[in-house]
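Derivation of every value follows stated rules applied to the coordinates shown; laboratory data play no part. The shown structure was predicted, so the numbers you read here are calculated from the model rather than taken from an experiment. Neighbour counts run over all protein chains shown; Cβ positions are idealised from the backbone, glycine included.
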Amino acid sequence: MQPKTYHVYIMSNPTNTVTYIGVTSNIEKRIWEHREKLVDGFTKYYNITKLVYYEETSDVHSALAREKELKKWRREKKTWLIESMNPEWRDLLPMQ
C-alpha cells in the first residue's frame, strides 16, 4: 500500500493580487473544486483559480502545521516563496 500524500498549496487569482493557502490529500480534485466555485467563500469571492505553489509530504500533521505557518506570513514572504518555485506565477496545474 502506497503512503498517502498531502499537499500544502497556494492559489492566486488571475491578476496575482490575492492568494489562498490550503492543504489537501487530493490536489487535482481540490483545485478543480476551487476553479468550479463549488464552495462558497473566499476562493469563490476572489476568483482564486491558479495553483501557483505547492509542497508535498506524507505526514498530515506536518502539512497542517506548514499551512498554519504560511498563513501567518506577510505577503512579501509568501511572494518570495511562490517566486522561488514559480517566478512567472504560472498555473502549475493547467485546466484540461
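For the reader, a short list of remarks on this structure follows.
- For segment 29-46, the criterion of being on the phi > 0 side of the Ramachandran plot and in contact with a helix residue (DSSP H, G or I) (Cβ under 7 Å, 6 or more places away or on another chain) is satisfied by at least one residue.
- Counted residues, segment 1-15 - those being of a type outside the set (S, T, N, Q) and surrounded by fewer than 11 Cβ atoms within 10 Å (Cβ to Cβ): 2
- Residue under evaluation residue 63, criteria (1) more than 13 Å from residue 93 (Cα to Cα); (2) in contact with a helix residue (DSSP H, G or I) (Cβ under 8 Å, 6 or more places away or on another chain); (3) crowded, with 19+ Cβ neighbours inside 10 Å, criterion not met: (2)
- Single condition residue 23 does not satisfy, out of (1) of a type in the set (A, V, I, L, M); (2) in a loop (DSSP other than H, G, I, E, B); (3) closer than 23 Å to residue 3 by Cα: (2)
- Residues that are part of a helix (DSSP H, G or I) and touching a strand residue (DSSP E or B) at 6+ places or on another chain (Cβ under 8 Å) within segment 80-92 comprise 81, 82, 85, listed in sequence order.
- Subset of segment 47-56 [crowded, with 17+ Cβ neighbours inside 10 Å and polar (S, T, N, Q)]: 49
- Considering 44, 77, 71, 29, the condition of being in contact with a strand residue (DSSP E or B) (Cβ under 6 Å, 6 or more places away or on another chain), surrounded by fewer than 17 Cβ atoms within 10 Å (Cβ to Cβ), of a type in the set (D, E, K, R) and assigned to a helix (DSSP H, G or I) is satisfied by 71 alone.
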